[in-house]
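Structure first, commentary second.
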Amino acid sequence: MTDTLVESSAESAFLDLHKKLLEQGRSALAELQVTALSRFEELGFPHSKHEMYTFVNTKGLVATSFSLPDGSASVSEDFVASHIYPDCKDQCLVFIDGVFDRGLSRCEGVNSNLMPLSEADEEVKAYLSETAENENDVFASLSTAFCDEGLVFKVEANTQISGTVQILFVSTGNTAGSVMHTPRIVWQLGKLSEIKVIEKFVGTEGGYFINSVQDWLLAEGAGVSYTQVQMDSIGSWHFSKVRVYLNRNARFHSSNASSGNQLARHHYEVRLKEEGSEIRLNGVSVLDDKEQVHNFVRIHHEAPQCISHQHFKNIVNGHARSSFDGTVIVCQGAQLTSADQLVNNLMLSNDCHANNKPNLMIFADDVKCTHGVTVGQIDEGQWFYLQTRGLSAKAAKELLTRSFAKSIIETIEFPEVVEELNDTLLKKLEARND
Amino acid sequence: MLEIKDLHASVEGNEILKGISLSIKKGEIHAVMGPNGSGKSTLAKILSGHPSYEVTGGEILFEGKNLLDLEAEERSLAGIFMGFQYPVEVPGVNNAEFLRMAFNARRVKADEEEMDPLDFDELLSEKMKMLKMENKYKERSLNDGFSGGEKKKNEILQMAILEPKLAILDETDSGLDIDALRIVAEGVNSLRNDNNALILITHYQRLLDYIKPDFVHVIHQGKIVKSGDKALALELESQGYDWVTT
C-alpha cells in the first residue's frame, strides 16, 4: 500500500508540473501532449512488480521533484565541439536540454530533410496520435506529454544521405533542482533510402532526467545504421524509447554503448511488419560504482522471412546493476523467422548485479529461434595462462575484460566511435583495477 | 640452471610429489616420463607457478634464485616457458596481438624498446613459416576453436617468439598425428642452443625419436624411480612402466 501512496503522489506531482507547462502557453503539439498525458494517467508509474520494470527500481526517480526547463541553459561551443566526431563535423544536429538548437548545429547539408514535428505530414501525425494513445511505456507517455516540439528527419525515396549524421544530446544539469528533458525525433525513411546515424548523450553536470523517444519508420528496402553512445553525467537519469517499424526488406542495424548513470534504461520496441525485414540490436555496457543500465527489448515478428539478432554484453563492477529483459514474439504466420538473442555478463565484483530474462513467444511452426544468457567471472584458467606468458595479473585481467567487450564494440562501423569507447568506456575499469 | 631439491607438493590436501630432486644444466634436454597420475604434470604446473598447487617441502632454484618466490608472470619474464598439455582457449584475444604483448613484456623487462607492430609481424611470419602455420592463425583468437594439433603448434610458436632459457613442454606430443609431431619437433629442435634447456614431459617414447634427450627420468607415485639416458626410454617402451614401478 505504501508503494501506491508514494506513486500516486508522484503522478500528481507530474500532473501539476504539466499544468504549469500549459500555463506557459499553448504548445504546437498541445493535442498530442494531452493524449499522452491521459495515457500517462491510465498507465501510472510502475509498482515494484510491474512486468516492464521487474528489474528497474524507479522509486527514486518518480519521487524526485522536477521543474520545467527555464530555457536559460547555455552550453559553450567548445563543449559541443569536443563531443562531435570528426567525420560528422559538417553534419551534426545538437539538442540542448532536449530542444533542437539550430545555432549550435551544423546542418546545411541536411536542412531540407528537417522539419518541426508540428508540421509533419498527415501520415506521421496519424502515427503519432495512434502511438500516443496506445503507448505501453509510462515514461514514453511522460516524454510525449512534456514535449513542446520535436523534429522530423525525412529521407526521400531512393536517397542516400552521404556521410554520417550525428545527433548530440547535451543536458545541462541543474544543481538547484532536477529538470526533465524530452527530446523527440521521428525518422521517416522513404523506399530504398539509407542513412547512417551516431547519437551521443552527454551532460554538463548531474541533476537531469533525459527521457527521449525516437521513432524510426522505414519504408520498403530502407537501410539504417544507428549507433548510440550513452555517456551522461553520473548523477542523471536516462530513459530512452526507440520504436522501429520495418517494412518489406528494410534493415536496421543498431549498436548501443552505455556507460551508465544512476539509472539508465533503453527500451526497444521493434515491429518487423513485412517480409524480409531485418533488425540487429547490439549493446555493450561497462558499469562501475552504483551505475545502472537496463535494456528492455520487444521484437515482434509480424511477417514471414524476417531476421532479428540481439547480442548484449555487460561488464559489471562495484555495486553496479545491469538487466536485460527481452522478448521475441513470433506472430502467427511469421514462418521462416530467424531470431537469436544472446546476453553475456561479466561480473567483476561480489556486490554487482545482473538480472536477465530472455524470452521467446512463438505462434508459428516453422521458425528458427535461439536465446541464451551467460553470467560469469574472469576465467581463472585463461587468466593464469596469460600470466604464464609474462603478462602481469592486472594486464591479463584487463586484456580479458577488454576482449569480452570487443566483440560488440567492433561491430560499430565508425572507427572514431570505436576509438573513443576504447579510450573512455574501457578505461573506467583500468582505474578500478589498480 | 634449474635445481629441484626434495620437492614435495600437494593439491587440495593430497600429496602428489613426494620428494623430487633434479638438476638441469644449460644445453641439456631432460625427458620426464611416467604412467598416468604419477605426478609429471604436477611438476610442470609447480614450475610454472599454478596457484592451485601447494609446495609443502623442498626448494627450486632457477639460476640461483628461489623460483617459488616468483609469480607466474615473473617466472615467464625470467625465462621459463611452460607449454600446456591443454592450451587454454581465450576468445576475443587476437593471437598476433597477444604474442606481441607477451614479446614486448619481456623486452620492457630487459629495458629494451618495444618492437613495433610491423617489425613484429615480420618476426611472427618467419616463426610461423617454420611451424608451417597458415597466416590466418594471426587473426584468430588465441587458441579459440583451434584443433588439438593447432593448439600445440601455437604453444611452440609462443615458445619460438619468447625464446625462453628453460622450456617445459607438458605432453606437447599427445594428440598430435605423426606429421604434426614431426613439425613440432623440428620447431623445438631449431630453438635449441647451448644456453637453453628443455624438459619434455611425455607419456610416450615416440617424441624422443625426434627430440633426443640427454637424460630420461621416470616418475612413479611422486618420486623419480629411475634415471638414465635415451636407452631407458626405449627399454620402457619395450617393457612397459611395470618394469620400473614394481
Problem set entry | Fraction of the pair-distance distribution of the range A:131-267 above 28 Å, Cα-Cα pairs, percent | 19 percent
Exercise. Roughly how many Å² is the accessible area per residue of the range A:98-238, as a whole number, for a 1.4 Å probe?
Worked result: 32 Å²
Seminar exercise, completed: Here, trypsin sites (Lys or Arg not before Pro) of the range B:1-55 satisfying both criteria (DSSP loop; at most 13 other Cβ within 10 Å) are B:Lys25
Exercise. Amide H to amide H under 5 Å from A:Gly203: which residues, 5+ apart in sequence or cross-chain, H placed 1.01 Å off N in plane?
Worked result: A:Ser171, A:Ser233
Exercise. What average count of beta carbons from other chains do you get within 10 Å of the Cβ of residues in A:376-386?
Worked result: 5
Problem set entry | Cleavage-rule hits (GluC sites (Glu not before Pro)) in the range B:120-199: DSSP loop, at most 13 neighbouring Cβ within 10 angstrom | B:Glu134
Seminar exercise, completed: Taking the range A:286-347, the equivalent ellipsoid from its C-alpha gyration tensor has semi-axes in Å, biggest first, of 31, 10, 6
Exercise. Helix-derived [θ] at 222 nm for the protein assembly as shown: sum -39500 (n - 2.57) over DSSP H runs of at least 4, divide by residue count, nearest 500?
Worked result: -8500 deg cm²/dmol
Exercise. So what is the relative contact order of the range A:2-379, in percent, for Cα pairs below 8 Å that sit 6 or more residues apart?
Worked result: 11 percent
Seminar exercise, completed: Output row A,B: buried area (accessible, probe 1.4 Å, summed both chains) in Å², nearest hundred, equals 1800 Å²
Problem set entry | Charge-dipole axis of chain A as Lys and Arg at +1 and Asp and Glu at -1 on Cβ define it, positive-most pick from A:Phe95, A:Val244, A:Ser403 | A:Ser403
For this session: Put one equal scatterer on each alpha carbon of the range A:327-434, apply the Debye formula with no solvent term, and list log10 I(q)/I(0) at q = 0.11, 0.17, 0.19 1/Å to two decimals.
Result: -0.53, -0.94, -1.05
Exercise. So for the range A:229-326, taking the charge dipole from beta-carbon charges (+1 Lys/Arg, -1 Asp/Glu), which of A:Phe312, A:Gly235, A:Ile299 sits furthest toward the positive end?
Worked result: A:Ile299
Problem set entry | Amide H contacts of A:Asn261 (H built 1.01 Å from N, under 5 Å, at least 5 apart or other chain) | A:Gln292
Seminar exercise, completed: To the nearest 10 degrees, the tilt of helix B:117-130 (Cα long axis) against the first principal axis of the alpha carbons of chain B is 50 degrees
Exercise. For the range A:233-256 and the range A:5-70, what is the separation of their Cα centres, given in Å?
Worked result: 22 Å
Seminar exercise, completed: With a 1.4 angstrom probe the carbon and sulfur portion of accessible area for the range A:2-379, in percent, totals 47 percent
For this session: Decide, for chain B, between rounded, prolate and oblate: order the square roots of the alpha carbon gyration tensor eigenvalues as a ≥ b ≥ c, take rounded if a/c falls under 1.5, and otherwise choose prolate if a/b is larger than b/c, else oblate.
Result: prolate
Exercise. Of all the accessible heavy-atom surface of the range B:118-206, with the other protein chains kept in place and a 1.4 Å probe, what percent is carbon and sulfur?
Worked result: 45 percent
Problem set entry | Leading residue at positive end of dipole, the range B:77-130 (Cβ point charges), from B:Ala105, B:Ala78, B:Phe120 | B:Ala78
Exercise. Hey, how many Å between the Cα centroid of the range B:61-78 and the Cα centroid of the range A:284-357?
Worked result: 45 Å
Exercise. Given a 1.4 Å probe and the protein chains all in place, what does the accessible area of B:Ser52 round to, in Å² to the nearest 10?
Worked result: 70 Å²
For this session: Taking the Cα centre of the range B:7-73 as origin, work out the dipole magnitude from +1 charges on Lys and Arg Cβ and -1 charges on Asp and Glu Cβ, in debye rounded to 20.
Result: 320 debye
Exercise. Once a ≥ b ≥ c are taken as the square roots of the eigenvalues of the Cα gyration tensor of the range A:2-379, is the result rounded (a/c under 1.5), prolate (a/b larger than b/c) or oblate (a/b not larger than b/c)?
Worked result: rounded
Seminar exercise, completed: Averaged per residue, the 1.4 Å probe accessible area of the range A:285-434, protein heavy atoms only, in Å², is roughly 40 Å²
Seminar exercise, completed: The answer for GluC sites (Glu not before Pro) in the range A:167-210 that fall in a DSSP coil and have at most 16 neighbouring Cβ atoms within 10 Å is A:Glu205
Exercise. Just the accessible area for A:Cys107, please: 1.4 Å probe, Å², rounded to the nearest 10?
Worked result: 10 Å²
For this session: State the antiparallel share, in %, of DSSP beta bridges confined to chain A, rounding to the nearest 5.
Result: 5 percent
Exercise. Which whole number gives the average count of other chain Cβ atoms within 10 Å of the Cβ atoms across peptide B:84-97?
Worked result: 4
For this session: From the C-alpha gyration tensor of the range A:13-146, pull out the three semi-axes of the equivalent ellipsoid (sqrt of 5λ each), sorted largest to smallest, in whole Å.
Result: 30, 20, 17
Exercise. Amide H to amide H, which residues 5 or more places from A:Gly283 or on other chains are under 5 Å from it, using H placed in the peptide plane?
Worked result: A:Asn256, A:His311, A:Phe312, A:Lys313
Seminar exercise, completed: In degrees rounded to 10, the 0-90 angle between helix B:95-109 Cα long axis and the longest Cα principal axis of chain B is 80 degrees
Seminar exercise, completed: Checked the protein assembly as shown with the C-alpha gyration tensor, a ≥ b ≥ c its square-rooted eigenvalues, rounded below a/c of 1.5, otherwise prolate if a/b is larger than b/c and oblate if not; verdict prolate
Problem set entry | Part-to-part distance (alpha-carbon centres) for the range B:2-57 and the range A:140-199, which is given in Å | 65 Å
Exercise. Volume per residue, Å³, of the convex hull around the alpha-carbon atoms of the range B:9-62?
Worked result: 88 Å³
For this session: Send over a whole-number figure in Å² for the accessible area per residue of the range B:143-237, probe 1.4 Å.
Result: 38 Å²
For this session: In debye, nearest 20, what is the charge dipole magnitude of the protein assembly as shown about its Cα centre with +1 on Lys and Arg Cβ and -1 on Asp and Glu Cβ, if you could check?
Result: 1240 debye
Exercise. Could you sort B:Asp111, A:Asp288, B:Asp214 by accessible area so the largest value comes first, with the probe set to 1.4 Å?
Worked result: B:Asp111, B:Asp214, A:Asp288
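The values are calculated or read from the model by the stated rules, or taken from the named source; none is laboratory data. Since we're looking at a predicted model, the values are computed, not measured. Every residue, glycine among them, receives a Cβ derived from its backbone with ideal geometry; neighbour counts consider all protein chains shown. Ligands, DNA and RNA are excluded from the accessible area calculation, which covers all protein heavy atoms including side chains. Shrake-Rupley method; radii C 1.70, N 1.55, O 1.52, S 1.80 Å.
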